[in-house]
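Each remark here refers to the structure printed beneath this line.
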Amino acid sequence: MAFAASVAFVTGAAPAAADPIETCTPTVGAIVAVDFGPFGGGVVRGCDTTPTTGYELLRDGGFTTEGTQHDGPGFICRIGNGAFNSGKQYPTPAKESCVLTPQAGAYWSYWIASPGQASWSYSPLGAMDRKPKAGDVDAWVFGATDVGGTTSRPAFTPDDVRAKGGAPDPSETPTDGPSVPVGKIDVPAAARWVTQQLHDGSHVVDEGSETPNYFLTTEAAYALAAAGGRSPALDKVVARLAAGTGEYAYAAGPKEAP
């Protein structure tokens, strides 16, 4: 019974039937695209006319998912869709056990684009925390990328997969992006943004939660280190991670597997 409960927690309920792709437009719903290329497939799209989170968009868009035993269903470890290989989920258990957090060299990275945005942005939030808006498009790509999402972007553009027909509301189109050339990263601005996401300046907390999200806190530490090396802000994050090592490594309790 304990094993069955564990599986139910990781995989979650079965996904709802996807909305027909044509019901999503630039002003209604959001599109999600998953690239099964590394597994011999192609890009499969899904539509959800009323998504509340990126996780719901993925699952209500017709995809099945599996999380890890360590991080729960919110960390997407496997993805499948009936349009590819009878819905088989990838990576297979032979390639990835999905017990612990996958290595950065082989995992499903999460990318987002708003209406009018011509290139992908690496999502700063997990799928359960992101709130898609009308006309948004999400993408999931398996492979390797760094913490800032500066490598291994999707091989397709947002316009290749976004909803067609109509036109996005100009008032919803972002106009205040970073003042740096295309392809460059405003590193100081990115570091400031990361720092602003820290609770008490030391850790990341999911919306509606009071406990630290150690995975995202670790990602924040990597980002701050990459942006400017050692700093008071980074030292505070590292100290919080050090204090919570046991809680992070043994999320189910000290007597359970890490």
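The values are calculated or read from the model by the stated rules, or taken from the named source; none is laboratory data. None of the values given here were measured: they were computed from a predicted structure. Cβ sites come from the backbone with ideal geometry, for glycine too, and all protein chains shown count toward neighbours.
General observations
- Members of the range 115-130 that are of a type in the set (F, W, Y) and in contact (Cβ under 8 Å) with a residue 40 or more places away in the chain: none
- In the condition set (1) in contact with a strand residue (DSSP E or B) (Cβ under 8 Å, 6 or more places away or on another chain); (2) on the phi > 0 side of the Ramachandran plot; (3) at pLDDT 70 or above, G165 is compliant with all but (3).
- Any hit, the range 144-162, residues being at pLDDT 90 or above, exposed (fewer than 14 other Cβ atoms within 10 Å of the Cβ) and among the charged types (D, E, K, R): yes
To keep it simple, each residue is scored yes or no on (1) in a helix (DSSP H, G or I); (2) assigned by TED's automatic domain parsing to the domain that holds G143; (3) at pLDDT 95 or above; (4) among the basic types (K, R).
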position: V7; (1), (2), (3), (4): yes, yes, no, no
position: A13; (1), (2), (3), (4): no, yes, no, no
position: A17; (1), (2), (3), (4): no, yes, no, no
position: V32; (1), (2), (3), (4): no, yes, yes, no
position: G74; (1), (2), (3), (4): no, yes, no, no
position: G80; (1), (2), (3), (4): no, yes, yes, no
position: T92; (1), (2), (3), (4): no, yes, yes, no
position: T101; (1), (2), (3), (4): no, yes, no, no
position: G116; (1), (2), (3), (4): no, yes, no, no
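- Selection count, the range 221-250, where residues are surrounded by 15 or more Cβ atoms within 10 Å (Cβ to Cβ), free of Cβ contacts under 8 Å to residues at least 60 places away in the same chain and assigned to a helix (DSSP H, G or I): 12
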